[in-house]
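Participant: First the structure, which I've put down as structure tokens, then a few questions once you've had a look.
The values are calculated or read from the model by the stated rules, or taken from the named source; none is laboratory data. The structure displayed is predicted, hence computed values, not measured ones. Neighbour counts run over all protein chains shown; Cβ positions are idealised from the backbone, glycine included.
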Amino acid sequence: MTPRLVEACERHIGAPPIIVDAQTELPIRLDVDEPLSVGADRVANTLAASRLYQRDTIAVDLGTATTFDCITGDGAFMGGIIAPGVNTGAETLVRRTARLPRIELEEEPAAVIGRRTDTALQSGIFYGAVDSIDGIVRRIKAEWRRPDALVVATGGLAPLLGPHCRTVDRIEPYLTLYGLHFAHGHVTGARRTRPLRRGRRRG
């Protein structure tokens, strides 16, 4: 789809778009075995985290996939984890299991123990995601030996799940977009501007 989107931007906006990927010249390092395979979202998250926080960071991106990015304070992407996204996993469960209803994850369940099929599903998906995030973050910190790494939740489900994760320090739903903002400024030589809206700290 990228060539078609480039053509659409040039035709309707009148400006050539800047494509951000693992080959874009940015002030970050992809310190992994296969740097060219690193997704554009993780490149953008690395740039944003290094610019905004300037410390070792674990970015938990809650999108179609749930990714955990290990980013050093000086802008090195050290690798991470890719897991099924919360909604992706829920849709697969419903599709592959007989008589389970499709549900929307919009708020914290009223109770952990569901007394109906739909509330049992809501609880399992919600708390399964929360405890998975906390468990994986703890494992990353132990293996990476960065017990004080800042943990930032981003992506569409960050405002919903982030406040319930004990390991999450900051909620920044637009981290990837900030990364694109910084990438544009770097590539074009534009003066860096401060984002208009920032996330919030826990507590």
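Participant: Against the definition (of a type outside the set (F, W, Y) and either at pLDDT 95 or above or in a helix (DSSP H, G or I) (or both)), how does T193 come out, yes or no?
Facilitator: The answer is no for T193.
Participant: Also, I was wondering about something else. Among E34, E25, E7, which is exposed (fewer than 13 other Cβ atoms within 10 Å of the Cβ), of a type in the set (D, E) and touching a helix residue (DSSP H, G or I) at 6+ places or on another chain (Cβ under 8 Å)?
Facilitator: So the residue among E34, E25, E7 that is exposed (fewer than 13 other Cβ atoms within 10 Å of the Cβ), of a type in the set (D, E) and touching a helix residue (DSSP H, G or I) at 6+ places or on another chain (Cβ under 8 Å) is E25.
Participant: Among the candidates N87, N45, which residue alone is in contact with a helix residue (DSSP H, G or I) (Cβ under 8 Å, 6 or more places away or on another chain) and outside any strand (DSSP E or B)? Even if it seems obvious, please write down each step before you answer.
Facilitator: Numbers: N87 fails: in contact with a helix residue (DSSP H, G or I) (Cβ under 8 Å, 6 or more places away or on another chain).
None of the others qualify; the one that does is N45.
Participant: Take segment 42-63 and flag every residue that is among the β-branched types (V, I, T) and closer than 19 Å to G162 by Cβ. Before the answer, list the steps.
Facilitator: Of segment 42-63, the ones among the β-branched types (V, I, T) are 43, 46, 57-58, 60.
Once the filter is applied, which keeps residues that are among the β-branched types (V, I, T) and closer than 19 Å to G162 by Cβ, segment 42-63 yields T57, I58, V60.
Participant: Okay, moving on. Hey, among T57, T92, T88, which residue is over 21 Å from L36 (Cα atoms) and crowded, with 21+ Cβ neighbours inside 10 Å? Step through it out loud before you land on a result.
Facilitator: Numbers: T92 fails: crowded, with 21+ Cβ neighbours inside 10 Å; T88 fails: crowded, with 21+ Cβ neighbours inside 10 Å.
Answer to the selection: T57.
Participant: Given the conditions (1) loosely packed, with under 13 Cβ neighbours inside 10 Å; (2) of a type in the set (G, A, S); (3) not in a helix (DSSP H, G or I), and given that A153 satisfies all but one, which numbered condition is not satisfied?
Facilitator: Tallying (1) loosely packed, with under 13 Cβ neighbours inside 10 Å; (2) of a type in the set (G, A, S); (3) not in a helix (DSSP H, G or I), A153 fails exactly one: (1).
Participant: Given G203, G199, G162, which one is at pLDDT below 90 and within 17 Å of the chain's Cα centre (by Cα)?
Facilitator: Numbers: G203 fails: within 17 Å of the chain's Cα centre (by Cα); G162 fails: at pLDDT below 90.
Testing whether each residue is at pLDDT below 90 and within 17 Å of the chain's Cα centre (by Cα) leaves just G199.
Participant: Quick one: is R102 farther than 30 Å from E25 by Cα, loosely packed, with under 12 Cβ neighbours inside 10 Å and among the charged types (D, E, K, R)? Steps first, answer last, please.
Facilitator: Values: farther than 30 Å from E25 by Cα: yes; loosely packed, with under 12 Cβ neighbours inside 10 Å: yes; among the charged types (D, E, K, R): yes.
The answer is yes for R102.
Participant: Considering only segment 6-33, state which residues are within 20 Å of the chain's Cα centre (by Cα) and among the basic types (K, R).
Facilitator: Selection gives R29 alone.
Participant: Moving to a separate point now. With the condition kept exactly as written, say whether any residue in segment 65-88 is without any contact (Cβ under 8 Å) to a residue 12 or more places away in the chain and among the hydroxyl-bearing types (S, T, Y).
Facilitator: Applying the first criterion (without any contact (Cβ under 8 Å) to a residue 12 or more places away in the chain) to segment 65-88 yields none.
Checked segment 65-88: no residue is without any contact (Cβ under 8 Å) to a residue 12 or more places away in the chain and among the hydroxyl-bearing types (S, T, Y).
Participant: Of the numbered conditions (1) in a strand (DSSP E or B); (2) touching a Lys or Arg at 6+ places or on another chain (Cβ under 7 Å); (3) surrounded by fewer than 17 Cβ atoms within 10 Å (Cβ to Cβ), D69 satisfies every one except a single condition; which is it?
Facilitator: That leaves (3) as the condition not met.
Participant: Quick one: which residue in L121, L93, L161, L177 is assigned to a helix (DSSP H, G or I), under 18 Å from N45 (Cα atoms) and of a type in the set (A, V, I, L, M, F, W, C)?
Facilitator: Values: L121 fails: under 18 Å from N45 (Cα atoms); L93 fails: under 18 Å from N45 (Cα atoms); L161 fails: under 18 Å from N45 (Cα atoms).
From the options L121, L93, L161, L177, the qualifying one is L177.
Participant: In the list L30, L47, L36, which residue meets the criterion of being touching a residue at least 60 places away in the same chain (Cβ under 8 Å) and of a type in the set (A, V, I, L, M, F, W, C)? Can you show your working first?
Facilitator: Numbers: L30 fails: touching a residue at least 60 places away in the same chain (Cβ under 8 Å); L36 fails: touching a residue at least 60 places away in the same chain (Cβ under 8 Å).
Within the list L30, L47, L36, the selection yields L47.
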